[in-house]
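The values are calculated or read from the model by the stated rules, or taken from the named source; none is laboratory data. What you see is a predicted model; the values in this text were computed from it and never measured. Cβ sites come from the backbone with ideal geometry, for glycine too, and all protein chains shown count toward neighbours. The protein model used for the area step is the full one, side chains on, heavy atoms only, and it has no ligands, DNA or RNA in it. Shrake-Rupley method; radii C 1.70, N 1.55, O 1.52, S 1.80 Å.
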Amino acid sequence: MKTIVAAALTALLAVPAQADAHDPLKVGMITTLSGGGAGLGIDVRDGFLLAVQGREDIEVVVEDDQRKPDIAVQLSDKLIQSEQVDVLTGIIFSNLALAVVPGAVAQGKFYLSPNAGPSQLAGRGCHENYFNVAWQNDNLHEAAGAHANDAGYSNSFILAPNYPAGQDALTGYKRFYEGELAGELFTELGQTDYASELAQIRASGADSVFFFLPGGMGISFLKQFADSGIDLPVIGPAFSFDQGILQAVGDAALGVANTSQWSKDLDNPANRAFVEAFQAEYGRLPSLYASQGYDTGKLLLSAMDVASVDDPDAFRAALEMADFDSTRGDFAFNSNHHPIQDIYVREVVREGDVLTNRVIGTAMENRGDAYASECQF
């Protein structure tokens, strides 16, 4: 299960902030590397490792949580107590983040989330040592609701898996969507057969379908939706139409609008360099998850360059500055250590033999989240 990332995955470089510390800063990465969500974890891992490549002052220890909360907690305890890591990162799924993050920060460790952003950790359960470098869970779904209004949809059928991120997804969509609901369903986490849900959509009288089904769940749903003959426009967050998913779904995804804070065609120097470097290193286009892993690595390096993790207050202040060039362009932390950022509308297109996304508009500008006011450090 355990992989200690050395040589190719551990990079070495001495910088002033760590000059007095003989040991490199140690990062524990717990992510999903097997099962239905493996592609997401692999992309986060690869993006992060690309960001820190060439640094000798970082050691990364990578573990597979198998998408199981109890395994994730065991790994966290081992990384903190036996491996003595300084920083934790990597978790994809919100139920695992809720199991791991409170215990990790209570032990004085920093946690940098490259993906999961449950509302509980953005509001009253926030912590000064917890930073989310991706988004708060509701955000991309809020943008989908706003896009549905702009597209003239007034009777959406909405569905998501019944776990914290799925609950946040439907809450986020409904926060900005102004129409009626033809139906609202929570599916099982990891479900792959959607015959019952598709029958309900068909009978509902809906004029549109919004769904959040990350990883293999989204692949299964989209294929079955296309085969069902239901002729309704589909809206979703980027998680269901991201680079790794599109190739598995195929032409059924063409033309679908989805919302994201990142896209490979965002025209800024950091993003152009990232896309080129990722393709050169791994031989594939980067995904949303890869960009989030990369930005997490760059944020960590920016803090290390001005402060030592042995001085938690100074290191925390350095993280709060977010003084790095993000792949998404403008990036800043809100008061609850979650991003303030633009969220775009993308469309699935074909470029040669590859399905990918292109930005067609901006759904929200400088969006924070709905829970920051509840956070008190």
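What is the helix-to-structure angle for 195-204, meaning the angle in degrees between its Cα long axis and the longest Cα principal axis of the chain, kept from 0 to 90 and rounded to the nearest 10?
Approximately 50 degrees, to the nearest ten.
Taking only the alpha carbons of region 147-223, what extent do you get along each of the three principal axes, in Å, biggest first?
If we take the Cα atoms of region 147-223, the spans are 31, 26, 16 Å.
In a Gaussian network model over the chain where Cα atoms closer than 10 Å are linked, find which of I230, I80, I58 has the largest mean-square fluctuation.
Result for the chain, Cα springs under 10 Å: I230 fluctuates most.
Taking Rh as the Kirkwood radius, which is the inverse of the mean 1/r over Cα pairs, what is the Rg/Rh value for region 101-253?
Reported Rg/Rh, Kirkwood definition of Rh: 1.01.
I'd like the GluC sites (Glu not before Pro) in region 114-207 restricted to DSSP loop residues with at most 14 other Cβ atoms within 10 Å, sorted by number.
For GluC sites (Glu not before Pro) across region 114-207 that sit outside H, G, I, E and B with at most 14 neighbouring Cβ atoms in 10 Å, the list reads E178, E188.
Build a GNM of the chain with springs between Cα atoms under 10 Å: which of D242, D65, D86 gets the top mean-square fluctuation?
D86
How large is the convex hull of the Cα atoms of region 73-145 per residue, expressed in Å³ as a whole number?
Per residue, the Cα convex hull of region 73-145 comes to 78 Å³.
If a/c stays under 1.5 just call it rounded; otherwise compare a/b with b/c (prolate if a/b is bigger, oblate if not). Do that for region 271-370, with a ≥ b ≥ c from the square roots of the Cα gyration tensor eigenvalues.
It is oblate, given that a/c is not under 1.5 and a/b is not larger than b/c.
Magnitude of the Cβ-charge dipole of region 244-376, K/R +1 and D/E -1, about the Cα centre, nearest 20 debye?
Once rounded to the nearest 20, the dipole reads 460 debye.
Relative to the longest principal axis of the chain, what angle (0 to 90°, nearest 10) does the C-alpha long axis of helix 94-106 take?
20
Any idea how far apart S196 and K78 come out in nm if each label point goes 7 Å out from Cα toward Cβ?
Taking the simple label geometry, S196 and K78 are separated by 3.6 nm.
Taking the radius of gyration and the Kirkwood hydrodynamic radius from Cα positions alone, what is the Rg/Rh ratio for region 50-104, to two decimal places?
Reported Rg/Rh, Kirkwood definition of Rh: 0.99.
Using a basic spin-label model with each label point 7 Å from the Cα along Cα→Cβ, how many nm lie between S373 and N268?
Placing both labels 7 Å beyond Cα along the Cβ direction yields 2.8 nm.
Output the Kirkwood hydrodynamic radius of region 223-296, Cα pairs only, in Å rounded to one decimal.
Over region 223-296, the inverse of the mean reciprocal pair distance is 13.6 Å.
When ranked by the protection proxy of mean other Cβ atoms within 10 Å per residue, highest first, what sequence do the peptides 206-214, 99-107 form?
Descending mean neighbour count gives 206-214, 99-107.
Measure off 7 Å from each Cα along the Cα-to-Cβ vector at Q247 and E178, then give the distance between these two points in nanometres to one decimal.
About 4.1 nm separates the two model spin labels.
By DSSP, what percent of the beta bridges with both residues in the chain are antiparallel, rounded to the nearest 5?
40
With a cut-off of 8 Å between alpha carbons and a minimum separation of six or more residues, what is the relative contact order of region 24-93 in percent?
Normalised by residue count, the contact order of region 24-93 is 53 percent.
Run the numbers on region 79-127 and let me know its relative contact order in percent, using alpha-carbon pairs under 8 Å that are six or more apart.
40
Working only with C-alpha atoms, what are the Rg and Dmax values of the chain, expressed in angstrom?
Cα radius of gyration and Dmax of the chain are 19.9, 67 Å respectively.
Using 29 Å as the Cα-Cα cut-off, could you pick out the over-long pairs in K26/K68; K68/K264; K223/K298; K109/K298; K78/K223; K109/K174?
K68/K264; K223/K298; K78/K223; K109/K174
Considering only protein heavy atoms, what is the solvent-accessible area of D23 at a probe of 1.4 Å, reported in Å² to the nearest 10?
120
Per residue, how many Å² of accessible area does the chain show with a 1.4 Å probe?
I get 37 Å² per residue for the chain.
Given an 8 Å cut-off on Cα distances and at least 6 residues of separation, report the relative contact order of the chain as a percent.
18
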